[in-house]
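A short reminder: the numbers here are calculations on the coordinates, not readings from a lab. Computed from a predicted structure; not experimentally measured. When we count neighbours, we look across all protein chains shown, and the Cβ atoms used for this are built from the backbone with ideal geometry, even at glycine.
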Amino acid sequence: MNILEAQHGVPEREPQRLGEVTDRVLEVLRRGGADLSQLGVPAPPESDPLLWEDVSIPQARARKNAWITSMREAAHDDYLKWRFTDLDANQHPNVLGGWLDSLVEAKQHKARPATMHLIAPGNIGSGKTTALAALGNEASERGLLVRFIKHTTYLTWRRPDGGPGDMTAYAARKRHVEADLLILDELCGEMDGVATEFARRETIDLVDSRLSAGRPTAFSTNLRRDGIAAVLGERLLSRVEDRAFLAKIQGPDRRTPRTPLDW
Ligand SMILES: Nc1ncnc2c1ncn2[C@@H]1O[C@H](COP(=O)(O)OP(=O)(O)OP(=O)(O)O)[C@@H](O)[C@H]1O
Ligand SMILES: [Mg+2]
């Protein structure tokens, strides 16, 4: 074989007709991130699963970190340890677990959950945040993108320059509207009975946007129904209640010291 024949023996280096898209060219384009649909190549089947459970996969790690970050930003790192099995009966671990199962199943089928909301009212210190943190911890482990935020913190973040770091008000809304599951802690708390027009508008926007998009939300609150209705309005609250589990978490204030402080 002479030199010319030897060079021609490498098929992918053979002179190609101008404009011919060979497998080799396609491979180079694919590696470079080109949009192959422009060349009539069908898109590969959807490879992004709806749930990410295996934390060795970067997307799964990112979702898990999103949850952990939101708990840290709420200064609730110590609530990351709670699981359903740690809860007491009055914290309704079975209701929370059953609801989570239905959310995971709905997500797997790209369906809207049948029950969109979980409302956990109860007295101060009864264990509401703990119960909902357990829900978030378990949901995050099952591959959902979960966020936790106190209602008043959300309202602060929605003000100009109110967000942490350089997070814009727009990004704050997007983050909480788009989460698969949002835990909105202390709904309508610290409002001294008077919600501003801003608080009302922002809360309605958040709850309504999530409801319209079929994204479930869990609420905890120290208030009774009337206090919530004053902020959300009767119409939206009825829509929230229309598809909701009510998990009343009542009991002694777990933070009360055994011997009251004398001061
Ligand atoms: N099942 C449990 N077993 C032991 N300790 C618990 C349990 N649930 C909650 N606690 C503890 O009780 C304390 C109060 O719980 P938590 O913060 O959940 O109450 P809360 O109802 O959210 O209170 P608040 O009304 O002030 O928001 C926390 O220190 C928490 O660790
Ligand atoms: Mg709480």
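Looking at segment 117-146 only, could you name the residues that are within 16 Å of ligand 2 (Cβ to nearest atom) and of a type outside the set (Gly, Ala, Ser)?
First pass over segment 117-146, keeping only residues within 16 Å of ligand 2 (Cβ to nearest atom): 118-137.
Those that are within 16 Å of ligand 2 (Cβ to nearest atom) and of a type outside the set (Gly, Ala, Ser): LEU118, ILE119, PRO121, ASN123, ILE124, LYS128, THR129, THR130, LEU132, LEU135, ASN137.
Out of all the residues in segment 61-69, is one or more within 14 Å of ligand 1 (Cβ to nearest atom), within 15 Å of the chain's Cα centre (by Cα) and of a type in the set (Lys, Arg)? Steps first, answer last, please.
So the first thing to find is which residues in segment 61-69 are within 14 Å of ligand 1 (Cβ to nearest atom), and the list is none.
No, segment 61-69 contains no residue that is within 14 Å of ligand 1 (Cβ to nearest atom), within 15 Å of the chain's Cα centre (by Cα) and of a type in the set (Lys, Arg).
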message: Every residue in segment 69-82 that is free of Cβ contacts under 8 Å to residues at least 24 places away in the same chain, outside any loop (DSSP other than H, G, I, E, B) and not polar (S, T, N, Q), please.
response: ARG72, ASP77, ASP78
- prompt: How many residues does segment 252-263 hold that are within 14 Å of ligand 2 (Cβ to nearest atom) and either free of Cβ contacts under 8 Å to residues at least 24 places away in the same chain or surrounded by fewer than 10 Cβ atoms within 10 Å (Cβ to Cβ) (or both)?
  reply: 1
task: Mind listing whichever residues of segment 147-185 are within 16 Å of ligand 2 (Cβ to nearest atom) and out of contact with any Phe, Trp or Tyr (no Cβ under 9 Å at 6 or more places or on another chain)?
output: LYS150, THR152, THR153, TYR154
- line: Note on ALA114: of the conditions (1) touching a Ser or Thr at 6+ places or on another chain (Cβ under 7 Å); (2) within 16 Å of ligand 1 (Cβ to nearest atom), unmet is (2)
task: Check whether at least one residue in segment 228-236 is under 24 Å from LEU181 (Cα atoms), within 16 Å of ligand 2 (Cβ to nearest atom), surrounded by 11 or more Cβ atoms within 10 Å (Cβ to Cβ) and not basic (Lys, Arg), and report yes or no.
output: yes
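Got at least one residue in segment 121-142 being touching a residue at least 40 places away in the same chain (Cβ under 8 Å), farther than 17 Å from TYR79 by Cβ and crowded, with 22+ Cβ neighbours inside 10 Å? If you could, list the steps in order and put the result at the bottom.
First, pick out the residues of segment 121-142 that are touching a residue at least 40 places away in the same chain (Cβ under 8 Å): 121-142.
Narrowing further to those that are farther than 17 Å from TYR79 by Cβ: 121, 123, 142.
Subset that is crowded, with 22+ Cβ neighbours inside 10 Å: none.
No: zero hits.
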- request: With respect to ILE249, determine if the residue is more than 16 Å from PHE148 (Cβ to Cβ), within 16 Å of ligand 2 (Cβ to nearest atom), among the β-branched types (Val, Ile, Thr) and assigned to a helix (DSSP H, G or I).
  value: no
